[in-house]
């Protein structure tokens, strides 16, 4: 079987012109990539959980990476890492920090982007810090290579909104939370209104996939009542007595079932070669290092950015779910190799023949190629 896969991969590379090899396996060229992001659970809390039968079934029906890891805490740095290959940003305010405003540091909180507008106070609680990420991003790469992208956000008030949260912290709680939308933090997106407008309500996803107008890259984020995050506010639809972990997991599992079925049953899915990744941002594992820019602990020389050990795979131990679904490939793969959000980024870049950015470019970062292998050699021909 191993020799067969090697031969298959070599044939795929020659046929498609796709050039990245990982242990003899290649990431095939893809027409569409969908990424569905869920929240705050380790894989052992989801797979086999009676409240998550759909995700458990997907992990068995399709391909499952058992050693896929979040890269830092809390949510925001993980989201940023998925599209930039790092979790570094410029803290434009630096309130309550020892470093000056405008410092480039590792992102270690969930505060708002520099362009965000808070829901009117009262009732909302204004964000203390403000971030902008001055790194190359997957969004910029796609645009520069003539490919489109879109982020589909549940309960966003309108396309291209600057609101940080909606409908507001002390009103009905923040169903849409900007901390789960990394594209609004990226400077190269912030500076281009047409790119910023690619942040759209999740309802557009269903018309796009039905009409065949879905972009090459779709990033899908449910609201905090349906991504397993949960909301304690009693006025939230999932708040109060309804905010239990079992309920949060069940709502997220149902949402995943609904979105996956919509995509895989669509006109877009049936055409070309496509992949859908179901992934969680982080679990409850330990931090990868003792990084602290305020005390200059574990920083790179002459800077305030995280030290090298923060990116060393031996320090990662926050295993989360990563399921790969394709419309063309083999199924039932259980892959135990080490992966992280940098691997997902590298895989998407390889599928679209893009350069590798950030820590996706590290030699130690492997693609998810074993989860994307075609069924037969004749399925590897170019588009």
At 0.36 nm per residue, minus the direct Cα-Cα distance, what do residue 203 and residue 297 gain on full extension? Give it in nm, one decimal, please.
29.4 nm
Inverse mean reciprocal Cα-Cα distance (Kirkwood Rh) of the range 228-383, Å
18.8 Å
For residue 92 paired with residue 333, estimate the spin-label separation in nm (one decimal), with each label point 7 Å from Cα along the Cα-to-Cβ line.
4.1 nm
Full-extension gain between residue 192 and residue 234, please, as 0.36 nm times their residue separation minus the C-alpha to C-alpha distance.
11.3 nm
R0 = 56 Å: FRET efficiency of residue 99 with residue 267, Cβ-based, nearest 0.05?
0.65
Principal-axis tilt of helix 2-16 within the chain, Cα atoms, nearest 10 degrees
80 degrees
Pseudo-spin-label distance residue 128 to residue 213, built 7 Å along Cα→Cβ, given in nm, is 4.3 nm
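Please work out the FRET efficiency for the pair residue 61 and residue 109, using the Cβ-Cβ distance as r and a Förster radius of 41 Å; give the result to the nearest 0.05.
Working: r = 37 Å, r/R0 = 0.91.
Once rounded, the FRET efficiency stands at 0.65.
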Please give, to one decimal in nm, the separation of the simple spin-label points placed at residue 314 and residue 44, each 7 Å out from Cα toward the Cβ.
2.3 nm
List the relative contact order of the range 37-127 as a percent without decimals, with contacts defined as Cα pairs under 8 Å and 6+ residues apart.
18 percent
If you take the alpha carbon radius of gyration of the chain and divide it by 2.2 N^0.38 Å, what ratio comes out, to two decimals?
0.95
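Note the full-extension length gain between residue 362 and residue 241 as 0.36 nm times their separation in residues minus their Cα-Cα distance, in nm to one decimal. Write down the numbers at each step before the final one.
Numbers: separation 121, 0.36 × 121 = 43.56 nm, distance 4.55 nm.
Extra length available between residue 362 and residue 241 comes to 39.0 nm.
Tally the DSSP beta bridges in the chain and give the antiparallel ones as a percent, rounded to 5.
Details: 22 of 49 bridges.
Counting only bridges with both partners in the chain, antiparallel ones make up about 45 percent.
Please sort 98-105, 53-60 by packing, taking for each peptide the average over its residues of neighbouring beta carbons within 10 angstrom, highest first.
Working: 98-105: 14.4, 53-60: 18.4.
Highest-to-lowest ranking by the protection proxy: 53-60, 98-105.
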Could you let me know the centre-to-centre spacing of the range 230-289 and the range 334-370, using Cα atoms, in angstrom?
22 Å
Place the peptides 245-254, 288-297, 336-345 in order of packing, highest mean first, counting for every residue the other Cβ atoms within 10 Å and averaging per peptide.
336-345, 245-254, 288-297
With the contact rule set at Cα under 8 Å and sequence spacing of 6 or more, what percent relative contact order holds for the range 169-296?
24 percent
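A short reminder: the numbers here are calculations on the coordinates, not readings from a lab. Please read these numbers as outputs of a predicted model, since none were measured by experiment. Please note: Cβ atoms are built from the backbone with ideal geometry, for glycine as well, and neighbour counts cover all protein chains shown.
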